[in-house]
Amino acid sequence: MSNKKNSAVKMESIVSLAKRRGFIFQASEIYGGLAGFWDYGPLGVEVMNKLKAEWWNEVVTKSDNIYGVDSAIIQNPKLWEASGHVSSFTDPMVEDVKNGKRYRADQLAGVDSTDLNELKELLLDKKSPDGNQLSEPRFFNMMMQTWIGPVQDNSSVAYLRPETAGSIFTNYENVRETMRAKIPFGIAQIGKAFRNEISPRDFIFRVRELEQMEMQFFINPDEQEKTYEYWRNFAWKFLIENLGISEENLQWHEHDEKERAHYAVAAHDIYFNFPQGFKELWGTHNRTDFDLSNHQRVSGKNLAYFDETAHKRFLPYVVESSVGLGRMLLAVLTDAYHEEEINGEVRVVLKLKPELAPYLYAVSPLLKNKPGLVSKAREVYEILKKKYGSVMWDDNGNIGKRYRRQDEIGTPNCVVIDFETLEKNTVTVRNRDTTEQKRVSIDEL
Ligand code: ATP
């Protein structure tokens, strides 16, 4: 299933397929869209749900000591003061002095750095992409603000969460107590987060409203190295084994000091070979006791853990595993996307892992104007639907066109009901990847 020529996949091809087949639409498209916001269509939502289920099953359901939460998007703003996001969740920005357009200073300078002096130096002779003079770089806070209640002033300011982790830390004690959890244990959450990115781009890669799948593992500080290794390996293995992504499209990237987020002492990202190049997909971070100690300080609540065996009190360290769902979908689509020549014609095919395809089967009557074939096909459709759930009825256009359409949405099997079916109770099953057709009895499907 590997896609060796991945670097040849163009973003336009993915964007166009996603739109044409109902995976992803521009948010409020009829009003011209809104930069950094996307809607997931009928097929997109199916794959997203499967990705979430796969992750949840592996992280929470199969585990003995990782618990799920689903917390509010808006929390007490003190949470984001304690976490450092109010003061440090910033990106360096420069402005085109003529038209006011804003850009990420590090990206214009072509470096992974947030050092304003270094950026200033590198951008000294640079112009904006529109050819105008640039302002000096400065920091810009990426949290989205809103107001709570009827009065819009400083006292009613609140933030849409910039990451799901924050409310995992504030629920640490609740989960520990109610689940009688002993260190080590983890808390996981899937949910929306919001970041006022200066320049959203690359389709669903960098957006302003995103969905994250995060897990924070609370440990004894002595276990930090072992735990960090475990969760790094977990992410790598998950992408390959659970999602079927080809290993050659993955790379490790270790953050140096300049790149690391304010909360981490160690960070390793898995980069995926996206159409725009190798970029961050999944981060593993050692957050130490940064979060719990800050929440303890700001809230005044004692968050120390008492280890009964060692008779020791300590603040747990945290290793986190954090991945964006949209980026995961983009990686899965890019990895699966193939253009192949068959009998002189180019076909687009999504070689998705069958478990992730929007539909496992498509069922068609050979001809849609033969009532005998249609009713038999309906019967087969009902049987498969009951058995597998994700089955599509497709009687549009001729068989060749149906195969092309199903290839594009990654349906692994197309079942066709023809005149032989009526006599022998057998159907043709066409395989997406090999395009081979086999005759099998209906009971064997
Ligand atoms: P980047 O360096 O790309 O801005 P980050 O290092 O700030 O990302 P984290 O804060 O570690 O990212 O977030 C964890 C994960 O959430 C990322 O690995 C990524 O998959 C996803 N993510 C972060 N920001 C965005 C965004 N603007 N759009 C889509 N996904 C995102």
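The values are calculated or read from the model by the stated rules, or taken from the named source; none is laboratory data. Not measured: the values here are computed from a predicted model. Counting neighbours? That spans all protein chains shown, and the Cβs are built from the backbone with ideal geometry, glycine included. To get the accessible areas, we keep the full protein, side chains included, count just its heavy atoms, and leave off ligands, DNA and RNA. Shrake-Rupley method; radii C 1.70, N 1.55, O 1.52, S 1.80 Å.
Which one is surrounded by the fewest Cβ atoms within 10 Å (Cβ to Cβ) among residues in the stretch 267-303 that are more than 13 Å from the ligand (Cβ to nearest atom) and of a type in the set (Gly, Ala, Ser)?
For the stretch 267-303, the residue satisfying everything is Gly300.
If you scan the stretch 266-286, which residues turn out to be free of Cβ contacts under 8 Å to residues at least 24 places away in the same chain and of a type outside the set (Asp, Glu)?
Ala267, Tyr271, Gly277 - these are the residues of the stretch 266-286 that are free of Cβ contacts under 8 Å to residues at least 24 places away in the same chain and of a type outside the set (Asp, Glu).
Show the residue pairs meeting these rules: Cβ distance below 6 Å; 6+ apart or different chains; first residue within the stretch 148-174 and touching a residue at least 40 places away in the same chain (Cβ under 8 Å); second residue surrounded by 11 or more Cβ atoms within 10 Å (Cβ to Cβ) and among the basic types (Lys, Arg).
Pro162/Arg195
Within the stretch 10-48, can you find the residues that are surrounded by 15 or more Cβ atoms within 10 Å (Cβ to Cβ) and either in contact with a Cys (Cβ under 9 Å, 6 or more places away or on another chain) or in a helix (DSSP H, G or I) (or both)?
Within the stretch 10-48, Met11, Ser13, Ile14, Val15, Leu17, Ala18, Leu43, Gly44, Val45, Glu46, Val47, Met48 qualify.
Examine the stretch 130-137 for a residue that is of a type in the set (Gly, Ala, Ser) and either surrounded by 17 or more Cβ atoms within 10 Å (Cβ to Cβ) or in the same structural domain as Arg208 (by TED's automatic domain parsing) (or both), and state whether such a residue exists.
Looking through the stretch 130-137, none of the residues is of a type in the set (Gly, Ala, Ser) and either surrounded by 17 or more Cβ atoms within 10 Å (Cβ to Cβ) or in the same structural domain as Arg208 (by TED's automatic domain parsing) (or both).
Select from the stretch 350-377 the residues that are at pLDDT 95 or above, of a type outside the set (A, V, I, L, M) and assigned to a loop (DSSP other than H, G, I, E, B) and list them in ascending order.
Passing the criteria: Lys351, Lys353, Pro358, Tyr359.
Is there a residue in the stretch 58-68 that is of a type in the set (A, V, I, L, M, F, W, C) and within 16 Å of the ligand (Cβ to nearest atom)?
Scanning the stretch 58-68, I find at least one residue that is of a type in the set (A, V, I, L, M, F, W, C) and within 16 Å of the ligand (Cβ to nearest atom), so the answer is yes.
Considering only residues that are surrounded by 15 or more Cβ atoms within 10 Å (Cβ to Cβ) and among the acidic types (Asp, Glu), which ones fall in the stretch 83-114?
Of everything in the stretch 83-114, those that are surrounded by 15 or more Cβ atoms within 10 Å (Cβ to Cβ) and among the acidic types (Asp, Glu) turn out to be Asp91, Glu95, Asp96, Asp106.
Give just the number: which of (1) in contact with a strand residue (DSSP E or B) (Cβ under 9 Å, 6 or more places away or on another chain); (2) of a type in the set (S, T, N, Q); (3) open to solvent by 20 Å² or more (accessible area, probe 1.4 Å); (4) assigned by TED's automatic domain parsing to the domain that holds Leu325 does Gln145 not satisfy?
The one condition Gln145 does not meet is (4).
Would you mind finding the one in Asn220, Asn249 that is away from the ligand (no atom under 12 Å from the Cβ), of a type in the set (S, T, N, Q) and surrounded by fewer than 17 Cβ atoms within 10 Å (Cβ to Cβ)?
Sole residue among the options that is away from the ligand (no atom under 12 Å from the Cβ), of a type in the set (S, T, N, Q) and surrounded by fewer than 17 Cβ atoms within 10 Å (Cβ to Cβ): Asn220.
Could you count how many residues in the stretch 153-197 are open to solvent by 20 Å² or more (accessible area, probe 1.4 Å) and within 16 Å of the ligand (Cβ to nearest atom)?
Within the stretch 153-197, residues that are open to solvent by 20 Å² or more (accessible area, probe 1.4 Å) and within 16 Å of the ligand (Cβ to nearest atom) number 7.
Of His262, His255, which residue is more than 20 Å from the chain's Cα centre (by Cα), within 13 Å of the ligand (Cβ to nearest atom) and open to solvent by 60 Å² or more (accessible area, probe 1.4 Å)?
His262
Find the strands (runs of 3 or more DSSP E) located wholly in the stretch 161-280 whose residues include 1 or more that are among the β-branched types (Val, Ile, Thr), and list them.
185-194, 209-219, 266-274
Does the stretch 223-238 contain at least one residue that is in contact with a Leu (Cβ under 8 Å, 6 or more places away or on another chain) and either farther than 12 Å from Asp269 by Cα or in the same structural domain as Phe272 (by TED's automatic domain parsing) (or both)?
yes
Go through (1) closer than 23 Å to Glu257 by Cα; (2) in contact with a strand residue (DSSP E or B) (Cβ under 8 Å, 6 or more places away or on another chain); (3) part of a loop (DSSP other than H, G, I, E, B) one by one and return the number of the condition Asp112 breaks.
(2)
Out of all the residues in the stretch 378-388, is one or more at pLDDT below 95 and more than 15 Å from Ile442 (Cα to Cα)?
Looking for residues that are at pLDDT below 95 and more than 15 Å from Ile442 (Cα to Cα), one finds none in the stretch 378-388, hence no.
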